[in-house]
Structure formats: structure tokens, C-alpha cells
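The values are calculated or read from the model by the stated rules, or taken from the named source; none is laboratory data. Every value quoted in this text rests on a predicted model; they were computed, and no experiment measured them. All Cβ positions, glycine included, derive from the backbone under ideal geometry; neighbour counts span all protein chains shown. To get the accessible areas, we keep the full protein, side chains included, count just its heavy atoms, and leave off ligands, DNA and RNA. Shrake-Rupley method; radii C 1.70, N 1.55, O 1.52, S 1.80 Å.
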Amino acid sequence: MTPIPWSPRSYQEEALEFALGRYGAGLMLDPGLGKTSTYLAFISILLERREIRRALVTAPMRVAKTVWPFEAQKWKDFNHLRVCDLTERTDSQRDELLSKGFEIYVINPESLYKVVNPQKLVGVAGNKLENPWGIDLFLSDESTRFADAQTQRFKMLKPALRFYKYREIATGTPTPNGLHQLFGQCYLLDDGRALGEYITHFRQMYMHPHPYIQYSYEMNVGADELIFERVAHLLLRMRAIDKLEMPELINNVIEVDLPPAVRKDYDKFEREFLITVLDETVPAFNRASLGVKCRQISNGFIYSQEQTGKALPLHNAKLDALENLIEEMQGRPLLVMYEFIADGLRIAERFPGAINVTGSKDIERVVRDFNAGKIPLLIGHPKSAGHGLNLQAACSDICWYGVTWDLELWLQAIARVWRQGQPSATVRNHIIVGRNTTDEGVMAGMLKKSAAQDDVDQALQLYARRRLG
């Protein structure tokens, strides 16, 4: 690959200036806006100024292993930066690499504790923590992984934050499940100065206990404006639709009816929390379990209680709908997202030519062939196929075999094809939904979350403009 010069767009220059103007910044940039190259420029400038010695980036596995190393080599301005992949290493390999002095280290959040573990940072003098590897910059790429301050990964990182002169976060979906998710992310930037030092402080200031759901909280009336005012100096929000010529995004809901016998069993299951399939009785132990199992039934199966991982077949209504959609595509590439492992296996069995990108050992080749139009049907789970893959070259259709509750996964997966470089004037987002099932509730909840995220985006932009005068 021949490196090419980096010619930043005006919004990238704005984002870079924003990050360089503070020690803690959050670039809330949509996929396709060049977030990685902007941060490579940021790191390069700080290294040149000798303000940092090296940087630690935490990102989803696929992004850490492929996107960061690729982007550094892609641009002539940044290919002097050595990017070291710390994912899937033994402890001894990781420690050896950290001692080598690479400019950028990348690791997945699940393995971060192996780098920031306080036991590795304890100095020889008493209990004083030291930074043995001289990392001065910490960047969380897809920072919602640290939105919950009560997770082990957050608690492990917290005592190490003092070592990082610069702290950065980046995501295109800052609050997929509510404004409370800003607490953990903003804490990484300023140790709680904006939103409180502890989550309990945040709740006392901006939330109240949910009247019906135990151990749950709701936002106070007017809390959103107070929060936006407090974080406007930390976060810069940019949406692709505002900055780029984006194709039209069309949602196409494909409703399917459950077969009469399954419909009867489904309705009974919702009432009695028990269903019998192939002489096996499968229970739902609570409402949450019931919702998951109802989505499985809508998709055409239910997991056995007696044999882990075994899927008991119920119907093929969604498979038939997917087949109809594939026929309509007339050989044009289609990206399909599934929710359960059994869904992926059933789709692959029904369509032997399908390629599953989840778990693929040669992802680069799969992506290259799909973008060349050589793979008509690419399937994957949004957790592994929703970040870091550019799939827009030949594909303008994405299909949801089962709708996810997670707004971040939803938006990130759609952004694999609805992004800059999409040659089609329209992108179609097909959603296969079981009529009169929990699918409809999940889809309604997802659209409500999406609308709330739009409100947050617009508010962050508004308060940012006020900050700039």
C-alpha cells in the first residue's frame, strides 16, 4: 500500500483544534468522519511538541487489530507512527512490547486490565503508584465501553488515570441508553469535575429513583439542560448527516406472521411462562427471560434448557422472508445482522453461499470480496461486525433478522453501509419483524432511543455553539 497525503476536511481541522485546546476532550464523531486519522494527527502533533512520549488506545477488538494499524500506514503524514497491537498477547509478550517504546499501543477494553492493573503500576517505594511505561496519553475509542463507572474495567482504569497528561474519548453514540452514560465517559476526561466524583453524586444531582423498578433511576425534569451546560467544554459532537452528502436512509419493515400453531404456543407462553417443543418443556423464569425467549420464538427457534446451545426449531417464517428479500436483490450484495448464534447457524444452513464475517479468520479478504461484489450474502453479529468495517463499496442494503436492544450496535452496524463513499443515492435498512410479538416492542423502543439520541446530539451541538459565542 502506497501511503497518501492526509488532507483534512474543515470539520476534521475543527475537531483537531478542539482536542489540542484541552487536556481532556471527547470527539463525538459519526462513523465516516475520519475520527481515527484525526486522532493520529493529534498524537503526531503532541509527539512532535514533546508533550507526550507514547499513547495507549483502547478500542473494540476488530478496530484495535485492523483499523488503527491500517490507518497509520495509509496516510503519509502518520506512517512514521509505530502502532503495536497488544490484543491476544501473553503477559510476558505484552510486557516486552511495552518496553520497546512504540508510539501507539492498542488494546481491547476486555484486556485493558493487563496494562493498567495497579499491581503492575506499584513502585518500589511504598504503595506509591508509578507509570513504568511512560504512557502520557490515554484514548478510549468507542468510549461507551466505560460509560458504566461500576464495571470492573472502569474501576481498574480509575487509579491509573493520574498518569495520563492527555485523556481522550471518542464515539458516535455517546448516550445510547440514556444521559447517565455521560458520567463515566466524562469522568475519564476530568476526574468528575463536570458531573460529580461518584455516580451517587450524579444521581443525587440529576436523577431520582424509578417509582416502579427497584434499583433503577430516572432523569429529573430539566436535568438534561444542566448536564449539557456542564459538559459542553469537554465534548464536540459532529454528525455525518450534517457534514457530508449522505444518501437517503430508508427503513423497510418486513412483517411476518407466525404459523397458527406457533402463534397459539407463543400467546400461551406469554401468559404461562412455559412452552413445550419436541417433548421438552422450556420455562421462562422472569420477565427478562420471557422477553429473550419470545424473540427467539419469533426468529423461529428456542434454546433448549436441557442441552446448552441446542436450538429447538419452531418455524421458518423469517427465513422465508429473508429468502424473498434475497430474490428481490437479484444478486446485489446484502448485509444481514442476526441476534442469536442459532440465527446465524440457521441462516447459513438455509443459504449455503452465505459468508459469516463473525469469527472469520481472514476478515480482510472477506471485506475485499464483499466490496467487490463477489459475496452476495454477508452475515454477522453486530457486536463483531458493527465496528471498523467499511462495507459500502458494493452494498447499499442491510437487513436485521432480529432487532437489537442496543442503540449503539444498531447505529454502528447501519453505518457500515450508510457512510461516506456509498455510491448509491439510497441505503435501505430492512427489518424483519414478527407481527404481534416482542419484536414490535423492541423496534419501537429502538426508534424511541434513536430519537432521544438525536435530541442529545442536537443539544450538544447547541451548547457547543453557545460556548464558542
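Averaged over residues, the count of other Cβ atoms within 10 Å places the peptides 183-192, 233-242, 430-439 in the sequence 183-192, 430-439, 233-242, highest first. Run the numbers on the range 73-219 and let me know its relative contact order in percent, using alpha-carbon pairs under 8 Å that are six or more apart. Over the range 73-219, the number comes to 16 percent.
Mind putting a number on the dipole of the range 1-123 about its Cα centre? Charges go on the C-beta only, +1 for Lys and Arg and -1 for Asp and Glu, and I need it in Debye to the nearest 20.
Values: 17 positive and 15 negative charges, 45 e Å.
Roughly 220 debye, rounded to the nearest 20.
Adding -39500 (n - 2.57) for every DSSP H run of four residues or longer, then dividing by how many residues the chain holds, sets the calculated 222 nm ellipticity at -11500 deg cm²/dmol.
Summing charges over all other residues whose Cβ lies under 12 Å from the Cβ of Met205, with Lys and Arg as +1 and Asp and Glu as -1, gives +1. Each peptide in 80-87, 101-108 was scored by the mean count of other Cβ atoms within 10 Å over its residues; highest first, the order is 101-108, 80-87. Taking every C-alpha pair closer than 8 Å and separated by at least 6 residues, the mean separation divided by the residue count of the chain gives a relative contact order of 15 percent. Can you tell which of Ala19, Leu46, Leu86 lies farthest toward the positive end of the dipole of the range 7-125, using +1 and -1 charges on the Cβ of basic and acidic side chains (Lys, Arg; Asp, Glu)? Positive-end residue among those listed: Leu86. Would you mind classifying the range 287-433 by shape? Square roots of the alpha carbon gyration tensor eigenvalues, ordered a ≥ b ≥ c; an a/c under 1.5 is rounded, otherwise it is prolate if a/b is larger than b/c and oblate if not. Prolate. For the peptides 26-32, 71-77, the ranking by packing is 26-32, 71-77, with the highest mean count of neighbouring Cβ atoms within 10 Å listed first. The residue among Ala284, Phe340, Phe202 whose Cα reaches farthest toward the positive pole of the charge dipole of the chain, with charges on the beta-carbon of Lys, Arg, Asp and Glu, is Phe202.
What does the extension gain come out to for Glu14 and Thr281, with contour length at 0.36 nm per residue minus their alpha carbon separation?
On the way: separation 267, 0.36 × 267 = 96.12 nm, distance 5.94 nm.
Length gained between Glu14 and Thr281: 90.2 nm.
Basic side chains Lys and Arg get +1 at the Cβ, acidic Asp and Glu get -1 at the Cβ, and with that the dipole of the range 235-352 about its Cα centre reaches some 420 debye. In this structure the chain gives 46 Å² per residue of accessible area when probed at 1.4 Å with all protein chains present. At q = 0.10, 0.19, 0.20 Å⁻¹, what is the log10 ratio I(q)/I(0) for the range 208-347, with the Debye formula run over Cα points and no solvent? Taken in order of the listed q values, log10 I(q)/I(0) reads -0.62, -1.08, -1.14. Its Cα gyration tensor gives the range 1-82 an equivalent ellipsoid, and the semi-axes of that ellipsoid, as √(5λ) in whole Å with the largest first, are 18, 15, 15.
On full extension of the chain, what length is gained from Met205 through Glu248, given 0.36 nm per residue of separation minus the C-alpha to C-alpha distance? Could the numbers behind the result be given before it?
Details: separation 43, 0.36 × 43 = 15.48 nm, distance 4.02 nm.
Separation in residues times 0.36 nm, less the Cα-Cα distance, equals 11.5 nm.
By the scheme Lys and Arg +1, Asp and Glu -1, what is the net charge of all other residues having a beta-carbon under 10 Å from that of Val256? Every neighbour counted, the sum reads -2. Average projection, convex hull of the Cα set of the chain: 24.6 square nanometres.
Site pair Arg53 and Arg22 shows an inter-label distance of 2.8 nm when each label is modelled 7 Å from Cα along Cα→Cβ. Projecting the Cα atoms of Gln422, Tyr303, Ile227 onto the charge dipole of the chain (Cβ charges, centred on the Cα centre) puts Ile227 farthest toward the positive pole. DSSP beta bridges confined to the chain are antiparallel in about 20 percent of cases. Taken about its Cα centre, the chain carries a charge dipole of roughly 1240 debye when the Cβ of each Lys and Arg holds +1 and the Cβ of each Asp and Glu holds -1.
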